[in-house]
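Peer 1: I have a structure I would like to understand better, so I am pasting it below and will then ask my questions one at a time.
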Amino acid sequence: VGANGISDEALLAILIDRAKGFCSGPFASREGSLALTHLQEAEHWLRARTQDRTDRGVEGYQKA
């Protein structure tokens, strides 16, 4: 019962946590840091989109 699968936001949270681990360990690299930054940016914009849809009263509906 309920939604199946995983939300984009939840998947990004998992990837961000994983990237933070790489960035703080022996596998730290510039590329890893850039990937982490862009994952965090993607998370930010998805949250901003959700907030906008909530403010407009269309979150949870298939409306523009």
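The values are calculated or read from the model by the stated rules, or taken from the named source; none is laboratory data. What you are looking at is a predicted structure, and each value in this text was computed from that prediction instead of being measured. Don't worry about glycine lacking a Cβ; one is built from the backbone with ideal geometry, like all the others, and counts go over all protein chains shown. Remember, those area values only see protein heavy atoms, side chains included, never the ligands or the DNA or RNA. Shrake-Rupley method; radii C 1.70, N 1.55, O 1.52, S 1.80 Å.
Peer 1: Using protein chains only and a probe of 1.4 angstrom, how many square angstrom of residue 17 are accessible, to the nearest 10?
Peer 2: Its accessible surface works out to 110 Å², give or take rounding.
Peer 1: With r defined as the distance between the Cβ atoms of residue 38 and residue 61 and R0 fixed at 22 Å, what FRET efficiency is calculated, to the nearest 0.05?
Peer 2: 0.15
Peer 1: Please compute the length gained on full extension between residue 16 and residue 54, using 0.36 nm multiplied by the number of residues separating them and subtracting their Cα-Cα distance. Please report the intermediate quantities before stating the final value.
Peer 2: Values: separation 38, 0.36 × 38 = 13.68 nm, distance 2.44 nm.
Difference between extended and current length: 11.2 nm.
Peer 1: For the chain, with every protein chain kept in place, what is the accessible area per residue (1.4 Å probe, Å²)?
Peer 2: Per-residue value: 82 Å².
Peer 1: While we're on this one: Check each of the chymotrypsin sites (Phe, Trp or Tyr not before Pro) in the chain and keep only those in coil by DSSP with at most 15 other C-beta atoms within 10 angstrom; list them in order.
Peer 2: Qualifying residues, ordered by number: 27, 61.
Peer 1: Could you work out what % of the accessible surface of the chain is carbon and sulfur, using a 1.4 angstrom probe and leaving DNA, RNA and ligands out of the count?
Peer 2: Numbers: 2940 of 5250 Å².
Roughly 56 percent, rounded to a whole number.
Peer 1: How big, on average over all directions, is the shadow cast by the Cα convex hull of the chain, in nm²?
Peer 2: On the way: hull surface 22.8 nm².
Hull-based average projected area comes out at 5.7 nm².
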